Amino acid sequence: MDDRKFSVLIAGGGSTYTPGIVLTLLEHIKKFPLRKLKFYDNDGERQKKIADACRILVKERAPEVEFESSTNPEEAFSDVDFVMAQIRVGKYAMRSQDEKIPLAHGVVGQETTGPGGIAYGLRSIPGVIQLVDYMEKYSPNAWMLNYSNPAAIVAEATRRLRPNSKIINICDMPIDIMDRMAAILNLKDRNELVFRYYGLNHFGWWTDIRDKTGKDLMPALKEYVAKNGYWVGGDYDKNTEASWEETFKKAADVYALDPSTLPNTYLKYYLYPSWVVKHSDPKYTRTDEVEAYRQKNVFGECARIVKNSSAKDTNFVSDQHSTYIVDLCTAIAYDTKQRMLAIIPNEGAISNIDPTATVEVPCLFGATGAERIAMGKAATFQKGMITEQNSVEKLAVDAWEQHSYVKLWEAFSLCKIVPDAGVAKDILDDMIVANKDFWPELK
Ligand SMILES: NC(=O)c1ccc[n+]([C@@H]2O[C@H](COP(=O)([O-])OP(=O)(O)OC[C@H]3O[C@@H](n4cnc5c(N)ncnc54)[C@H](O)[C@@H]3O)[C@@H](O)[C@H]2O)c1
Ligand SMILES: O=P(O)(O)OC[C@H]1O[C@H](O[C@H]2[C@H](O)[C@@H](O)[C@@H](O)O[C@@H]2CO)[C@H](O)[C@@H](O)[C@@H]1O
Ligand SMILES: [Mn+2]
């Protein structure tokens, strides 16, 4: 370890994830030393509520760290080593539309999946590209870890539009599942697992999981997942919300389709769309839950901290999502070559998939970014699914680049969870109206 200290910018400072990330950064300050912590958001009012509380948190726990919060890109992006990007273009109001419009047509309504995910993608592309451009202008040596969703479409867009940028797109879903796997096996945490995984973001499979002695852990995990999915229960799941409980349990049915691998939970939307629609309330979707619980708790706790001028007794906790991000920064900063997942141009990592596909595979993280590890061939079932879904993601980016109605209609129609091109068109036409302030005008 040398004597460097880092300046970190959280872009999307007003996000519900911000306090958890700040807490994790402070808890890991010995491993990843900080000199500055900065927030940037284009909604100053929302960001201020989080920033006022985090300023107190930082002052109490690490007074040597400078804290700044700004809506001015030059101020925010100057003198920065790492940018953690977590914006939600259109905020929860638009996430709600992404979920409710498809459901009104009997189709899965989900943040990153199907028509909802595509709609969100077309909003996120310009937002994330703008962040990359700010970073390159004001701190050209910085790295961006982007987890603004839908990460698959955003990563395809940055691959095409900013191919040389120092942006790494990431997701915490496999992290959450691997921590569950460790709990199922009575191991300490995900770092005990040596794994092989391949697919697209929110669309992948583990093919091999071992402990550090090389012992195959797949048989025990499969036996458990076949009965319980990734649901651990008890203390482990005491704060898990009902909709996530349903998702973790449904992984048992997803697993049944290919007992040679273990699946990502998001595959439930593609493989059991009718079941998902049947279990959805078109008037009360995940956004309503998030607004009623996570957003309310986070902003409520921030207000409490500000009122008390103290965060000593805060109930904010560091979670898997933020420990993963700190692990990634540490690996890049100190060239540790830690093996973690990234969403990255394929270039042979999955040998029988288009080299220009944007895939999710294990990578070695170090000073030059993420180096993909070859995962071999996708099996027939996976190859078919990946090829179709990756084409959907590519068509969505084509549509945004070319302002093309037809490309977007093709993306909706090709998507596995949309029954036919007629339904696709009906959803698309409603979404064009809802997204008029965000999407390019389609020809
Ligand atoms: N990849 C992953 O695994 C993963 C995990 C968790 C969350 N996320 C993503 O993180 C993001 C934040 O989620 P959240 O639920 O906390 O949302 P949120 O709405 O609470 O926060 C997002 C913030 O982004 C700001 N914002 C929107 N557009 C912006 C722009 N163009 N420039 C600057 N700021 C902008 C908003 O004002 C808001 O404060 C979402 O994109 C979500 O999907 C990803
Ligand atoms: O519906 P939300 O907003 O609660 O979650 C959507 C996100 O879900 C995944 O991230 C989970 C993660 O798996 C879990 O461990 C914990 O950290 O919460 C995260 C958010 O709830 C998914 O990977 C993200 O891409 C989604 O945005
Ligand atoms: Mn994710």
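Only the coordinates and a few stated rules stand behind these numbers; no lab work does. No experiment lies behind these values; they were computed from the predicted model shown. Glycine gets a Cβ as well: all are built from the backbone with ideal geometry, and neighbour counts include every protein chain shown.
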Quiz item: Could you list, bin by bin from short to long, the percent of Cα-Cα pairs of the range 166-217 in 10 Å steps?
Solution: 23, 52, 22, 3
Exercise. Take every Cα-Cα distance within the range 344-443, group them into 10 Å bins from 0 onward, and report for each bin the whole-number percent of pairs it holds.
Key: 15, 36, 27, 19, 3
Quiz item: Mind listing the phi-derived Karplus ³J(HN,Hα) values for the range 69-84, rounded to whole Hz, using 6.51, -1.76 and 1.60 with θ = phi - 60°, and x for any glycine or proline?
Solution: 9, 8, 10, 9, x, 5, 4, 6, 8, 7, 6, 10, 9, 9, 10, 9
Self-check item: Share of Cα-Cα pairs in the range 73-148 lying beyond 17 Å, as whole percent
Solution: 50
Quiz item: Once you list every other residue whose beta carbon is under 9 Å from the beta carbon of S413, what net charge do they have if Lys and Arg are +1 and Asp and Glu are -1?
Solution: -1
Quiz item: Taking a temperature of 25 °C and a viscosity of 0.890 mPa s, what whole-number D in µm²/s does Stokes-Einstein yield for the range 251-369 with Rh from Kirkwood over alpha carbon pairs?
Solution: 131
Quiz prompt | Phi to ³J(HN,Hα) by Karplus 6.51 cos²θ - 1.76 cosθ + 1.60 over the range 285-290, Hz, x for Gly, Pro | solution = 9, 4, 4, 4, 5, 4
Quiz item: Given q = 0.13, 0.20, 0.25 Å⁻¹, what are the Debye log10 I(q)/I(0) values for the range 178-261, with equal point scatterers placed on the Cα positions and solvent ignored?
Solution: -0.40, -0.98, -1.42
Quiz item: How long are the three semi-axes of the equivalent ellipsoid of the range 216-294, in whole Å, if each is the root of 5 times an eigenvalue of the C-alpha gyration tensor, listed from largest down?
Solution: 25, 17, 8
Quiz item: What translational diffusion coefficient, in µm²/s and rounded to a whole number, does the Stokes-Einstein relation yield for the range 61-100 at 20 °C and a viscosity of 1.002 mPa s, taking the hydrodynamic radius as the Kirkwood radius over Cα pairs?
Solution: 162
Quiz prompt | For the range 7-155, convex hull of alpha carbons as volume per residue, Å³ | solution = 102
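First obtain the Kirkwood hydrodynamic radius of the chain from its Cα pairs, then insert it into the Stokes-Einstein equation at 10 °C and 1.306 mPa s, and state the resulting D in µm² per second as a whole number.
Details: Rh = 22.3 Å.
Value of D from the Cα-based Kirkwood radius: 71 µm²/s.
In whole percent, what relative contact order does the chain give with Cα contacts below 8 Å and a gap of six or more residues? Can you show the working numbers first?
Numbers: 803 pairs, mean separation 79.3, N = 443.
18 percent.
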Quiz prompt | Value at 222 nm in deg cm²/dmol, rounded to 500, when DSSP H runs of n ≥ 4 in the chain each add -39,500 (n - 2.57) | solution = -15000 deg cm²/dmol
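Using the Kyte-Doolittle scale, find the helices of the chain whose mean hydropathy is at least -1.0 and whose Cα atoms extend 30 Å or more along the helix's long axis, counting only whole DSSP H runs. Before the final figure, lay out each step's value.
On the way: long enough: 114-138 (35 Å, 0.18); 380-402 (32 Å, -0.62).
Counting only whole DSSP H runs, the qualifying helices are 114-138, 380-402.
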